[in-house]
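Read the structure below first, then the notes.
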Amino acid sequence: MAVTSRANPSLAASQSFEYRLQRTPVGVVLLDTDLRIRSVNPVALRLLAPAGQRLAGVDILSLHPGEARDKVAFLIERARASQDGTSSLVVTTAMGTLVAKVSRLEATPDAPPDGFLMMIHALVEAPMMGRTAGADLEVEGLAVAGAEAMAALCPLMKLPLVRGKGDVISLIDVTEVAFLVAQGHYAEARTATFSAFCPRPLADLERRLDPAQFVRVHRRYLVNMRHVRAAAREDGGWHLVMADAGETRIPVSRGKVEDIRRRLGV
């Protein structure tokens, strides 16, 4: 008689949790007492730095927009003042759930603070995607492979925006967006009537938006081609005139010119 072994659900859940814990990307930032960055690990560099920017000596608060800056400052101040020198905060944003932890660093118990260690855990729930073409779908960085696979199945229909103070995230149809511009590791959305902070990186938005409508014409700009008002050749380069309130002129990268001209028929 064949004996069938059934897996222990509690053990399976524990092993699954341990696996996710081992693969969860963690950003590490070392700060001096003035909150300037001493060094970062590669994950934190991807999370915090705009393309090509060096972070050594940069004030950590300057990398965050006003809405997030106050939370980061509060987190660090709590670590500075607390008895055990630690503090943590769980933040749910449009990018996902983040756990930020800060520890005060001291050379000896009697010495003044020597700086702070910040750790950023990105909690990513990647679904079991099975095997594709004989290979496992691996987690890399912030579960990029899994995020891209899910993005292909679930494109953005609404864009999350933060307007004014507070944590209220409003949603608008992506068709209303004229263009998006990178602002550090976040983005700013421009419509025909207003601009607002979008708590998502431009690269992520590019993956999630319809490529037939939204085109990365420049490393800092993602343009909704339906909102292009005119195309102009200036100083040997091409610019797009957008249908936003300020009729913004957006540069087109040299490698994108032919594609944009074909799309616009010019």
Task: Checklist (1) open to solvent by 70 Å² or more (accessible area, probe 1.4 Å); (2) in contact with a helix residue (DSSP H, G or I) (Cβ under 9 Å, 6 or more places away or on another chain); (3) not basic (Lys, Arg) applied to Asp235, failing item - done: (2)
TODO: Considering only the range 189-199, state which residues are in a loop (DSSP other than H, G, I, E, B) and in contact with a Pro (Cβ under 7 Å, 6 or more places away or on another chain).
DONE: Pro199
Open item on the list: Can you go through Ala147, Ala143 and tell me which one is at pLDDT below 85, open to solvent by less than 10 Å² (accessible area, probe 1.4 Å), under 27 Å from Leu63 (Cα atoms) and touching a helix residue (DSSP H, G or I) at 6+ places or on another chain (Cβ under 9 Å)?
Closed with: Ala143
Task: Failed item, numbered, when Pro211 is tested on (1) surrounded by 15 or more Cβ atoms within 10 Å (Cβ to Cβ); (2) at pLDDT below 90 - done: (1)
- [ ] List every residue pair whose Cβ atoms lie under 6 Å apart, where the two residues are 6 or more positions apart in sequence or sit on different chains, the first residue falls within the range 49-78 and is on the phi > 0 side of the Ramachandran plot, and the second residue, located anywhere, is surrounded by fewer than 18 Cβ atoms within 10 Å (Cβ to Cβ) and at pLDDT 85 or above.
- [x] Gly57/Arg36
Open item on the list: Exactly one condition in (1) in contact with a helix residue (DSSP H, G or I) (Cβ under 9 Å, 6 or more places away or on another chain); (2) part of a helix (DSSP H, G or I) is false for Val217; which is it?
Closed with: (2)
Task: Residue check for Leu171: open to solvent by 70 Å² or more (accessible area, probe 1.4 Å) and in contact (Cβ under 8 Å) with a residue 12 or more places away in the chain - done: yes
TODO: Would you mind finding the one in Asp235, Asp204, Asp244, Asp259 that is touching a strand residue (DSSP E or B) at 6+ places or on another chain (Cβ under 6 Å) and among the acidic types (Asp, Glu)?
DONE: Asp244
- [ ] Find the residue count for the range 238-266, including only residues that are of a type in the set (D, E, K, R), surrounded by 13 or more Cβ atoms within 10 Å (Cβ to Cβ) and part of a loop (DSSP other than H, G, I, E, B).
- [x] 1
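The values are calculated or read from the model by the stated rules, or taken from the named source; none is laboratory data. Remember, it's a predicted structure, so these values are computed and weren't measured experimentally. Counting neighbours? That spans all protein chains shown, and the Cβs are built from the backbone with ideal geometry, glycine included. Protein only, heavy atoms only, side chains kept; ligands, DNA and RNA dropped before computing areas. Shrake-Rupley method; radii C 1.70, N 1.55, O 1.52, S 1.80 Å.
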